[in-house]
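Heads up, the thing below is written out as structure tokens.
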Amino acid sequence: MSPTAIAPPTSPTNGAATRNGNGKLVKAKNGNGAPHLTSADPTAPTETLPVDIASWTGGARGSAEHETAVKLAHKWAYLKKGVPTGQALVLSVEGNFHGRTLGVISMSTDPESRAGFEPFLAGVGPTFVDGGAVRTIRFNKVGDLERALELHGANVAAFLVEPIQGEAGIVVPDEGYLTKVHALCKKHNVLLICDEIQTHDGVRPDVVLLGKALSSGVYPVSAVLADREVMLCIQPGEHGSTYGGNPLACAVALTALRVLTDEQLAPRAAALGALFRRALRDLRAPLVRAVRGRGLLNALVFDAAKSTRGRSAWQLCLLLKSRGVLAKPDVVRFAPPLVIAEEDRGAHYRGVSC
Ligand SMILES: Cc1ncc(COP(=O)(O)O)c(C=O)c1O
């Protein structure tokens, strides 16, 4: 989602933000408010924003926005799609990571995230029944989703997916995967919800979830974007949060988005990331089975079986840490800030070469 897709306050019912004498927003009432993203900065680039997009800033964590999105999908399914009340389904994919809340782990296939937290929310997740057998929708397998929608599409409200699976090990799908998913969702009148909390693809989903880099990590802020037709299925009083629409958070987010565009951080990340992957591959390190990623979000697959000294991905991460680079196993992931300097980028692969 391009930064310009962040909408100004959009709902006629959300006019609770007020300006003080300096023209700054000083108050944003949200207790029972309709969706809104408020700005404390009167110079925010609102003039370039599309008018058909509404936004909701629930607060401080990406997973909370998934809860919003599931509620939104349910409401949309009953009001617009005609799904019988109580029967809406939200499909996801195997290997997903959408956070830690109960609704989110109800969709997870990771036993570590789920064990001990049962019972889970019904009607969400990557599994579907096919001729008496339970099947799982795999990431990057369009045919799985196609089959699930052929069988259950009438009751499916939404399909939730990360453009690139981050926690699963920076799994980049085949070219065109999301475009095909988008077309399938359109065919079956299903909302495509993209978890863009870590990554983005060129496709324009029906609902977008944002967090993390929305404020460049400076201040907790997360958001849901959707077309008004979808977003305004939720009426004032039906959803809210004490700190939703937090003006400080929104000001930080808008500033971060401006920096992102002014400093051309996305093309910079694309260029630096390509150099980084090439440098890692050029090391021809015997214990590195694969290098993959997009932009500055990258991973290397460590081949512990090839180590004659029983080295693990965890040990590689400890070695990197001793050289000032924090990375996360099992698939070793690198997610430096987009403002990383050239020389710091070199430290990553010099660590790997040791
Ligand atoms: C793709 C993705 N979605 C959702 C989340 C959850 O965000 P939060 O930790 O802010 O709840 C994360 C966190 O790592 C994530 O990577």
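Among the listed pairs K141/K180; K141/K186; K81/K187; K80/K186; K81/K180; K81/K186, give every one whose C-alpha distance is greater than 19 Å.
Values: K141/K180 10 Å; K141/K186 17 Å; K81/K187 13 Å; K80/K186 14 Å; K81/K180 21 Å; K81/K186 12 Å.
In this structure, K81/K180 exceed 19 Å between Cα atoms.
Please report the net charge: other residues with Cβ closer than 11 Å to the Cβ of Q315, K and R +1, D and E -1.
Numbers: positive: R309, R311, K321; negative: none.
Summing Lys and Arg as +1 and Asp and Glu as -1 gives +3.
What ³J(HN,Hα) values, in whole Hz, does the Karplus curve 6.51 cos²θ - 1.76 cosθ + 1.60 give for the range 300-313 when θ = phi - 60°, with x put for Gly and Pro?
10, 8, 8, 9, 4, 5, 8, 7, 6, 10, x, 6, 10, 4
Once you put a point 7 Å from the Cα of N155 and another 7 Å from the Cα of L79, both along the Cβ direction, what distance in nm separates them?
Distance between the two pseudo-spin positions: 2.3 nm.
What is the list of residues in the range 275-308 whose amide nitrogen lies under 20 Å from a point 7 angstrom out from the Cα of K321, following Cα to Cβ?
Correct set: 298-304.
Based on the mean of other Cβ atoms within 10 Å per residue, sort peptides 117-129, 329-341 so the most packed one is first. Walk me through the numbers on the way to the answer.
Values: 117-129: 15.5, 329-341: 17.8.
Output ranking for 117-129, 329-341: 329-341, 117-129.
Could you work out how far the C-alpha centroid of the range 226-260 sits from that of the range 149-220, in angstrom?
The range 226-260 and the range 149-220 have Cα centres separated by 19 Å.
Sum up the charges of everything whose Cβ sits under 9 Å from the Cβ of D195, counting Lys and Arg as +1 and Asp and Glu as -1, but leave D195 out. The partial results should precede the final answer.
Details: positive: none; negative: E65, E162, E196.
My count for the surroundings of D195 gives -3.
With each pseudo-label sitting 7 Å past Cα toward Cβ, what's the R138-R204 distance in nm, one decimal?
Here the answer is 3.3 nm between the modelled labels.
Given 0.36 nm per residue, what is the gain on full extension from E118 to Q235 after removing their alpha carbon distance, in nm? Intermediate results must be reported in sequence, preceding the final value.
On the way: separation 117, 0.36 × 117 = 42.12 nm, distance 3.07 nm.
Extra length from E118 to Q235 when fully extended: 39.0 nm.
With labels modelled as points extended 7 Å from the Cα through the Cβ direction, what inter-label distance (nm, one decimal) is found for V218 paired with R278?
Spacing of the two 7 Å Cα→Cβ label points: 3.3 nm.
All of the numbers you see were taken from the coordinates with simple rules; none came from a lab. Treat the numbers as computed from the prediction; the structure is a model and nothing was measured. Ideal geometry is used to build each Cβ from the backbone, glycine not excepted, and the neighbour counts take in all protein chains shown.
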